[in-house]
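J.: Have a look at this one before I ask anything.
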Amino acid sequence: MAIIAGEYNFTVQRRADHDESITITDGNDNPVNLTGFSIASQVWDESRSTKYADFSVSIPTPTNGSFSLSLTRAQTETFTPNILNYDVKIQNPAGKQEYYIEGKIFVSQGYTTM
């Protein structure tokens, strides 16, 4: 049975580092064991004609179903539209690939520089 990707929207500030922690649970709200899984995620414009970034993905504790998506401030500086799109694709140890999450990234203007 195919997974229907859940929707998760969040805000990123331009010219700032950004980390997003996500936990995947099953139908009984138990964490999905991500041992041996691969995760990829990208940021695109709505028409999917321009890719803005590849998230860096880490799975520090696979047994609790959690992973992190990270963007650098150099990446978020290129986020010129105010709304971008992303999704998260997961590959299980057997090689089956499915989309688990998709959504919008609302881009907020950062004003302070360092």
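The values are calculated or read from the model by the stated rules, or taken from the named source; none is laboratory data. Since we're looking at a predicted model, the values are computed, not measured. As a convention, Cβ positions derive from the backbone with ideal geometry for all residues, glycine included, and neighbour counts pool all protein chains shown.
J.: Working only within the range 25-82, note down all residues that are in contact with a strand residue (DSSP E or B) (Cβ under 6 Å, 6 or more places away or on another chain) and either assigned to a loop (DSSP other than H, G, I, E, B) or more than 19 Å from Tyr100 (Cβ to Cβ) (or both).
T.: Matches in the range 25-82: Phe37, Glu46, Lys51, Tyr52, Phe55, Ile59, Gly65, Gln75, Thr76, Thr78, Phe79, Asn82.
J.: To continue, here is another question. Out of curiosity, is Thr76 surrounded by 16 or more Cβ atoms within 10 Å (Cβ to Cβ) and among the polar types (S, T, N, Q)?
T.: Yes.
J.: Touching a Ser or Thr at 6+ places or on another chain (Cβ under 7 Å) and more than 21 Å from Asn33 (Cα to Cα), is that true of Tyr52?
T.: Answer is yes for this residue.
J.: Another question about this same structure. If we keep just the residues of the range 85-95 that are touching a Phe, Trp or Tyr at 6+ places or on another chain (Cβ under 6 Å) and crowded, with 19+ Cβ neighbours inside 10 Å, which is nearest to Thr112 (Cα to Cα)?
T.: Of everything passing the filter in the range 85-95, Val88 is nearest to Thr112 (Cα to Cα).
J.: Scan the range 14-24 for residues that are surrounded by 16 or more Cβ atoms within 10 Å (Cβ to Cβ) and either on the phi > 0 side of the Ramachandran plot or in a loop (DSSP other than H, G, I, E, B) (or both) and jot them down.
T.: Arg14, Arg15, Ile24
J.: When residues of the range 99-111 are filtered for being loosely packed, with under 14 Cβ neighbours inside 10 Å, modelled with pLDDT of 85 or more and more than 16 Å from Phe10 (Cα to Cα), how many remain?
T.: 0
J.: Pull up the range 25-71, narrow it to residues that are touching a Lys or Arg at 6+ places or on another chain (Cβ under 8 Å) and among the β-branched types (Val, Ile, Thr), then point me to the one that is surrounded by the most Cβ atoms within 10 Å (Cβ to Cβ).
T.: Of everything passing the filter in the range 25-71, Val43 is surrounded by the most Cβ atoms within 10 Å (Cβ to Cβ).
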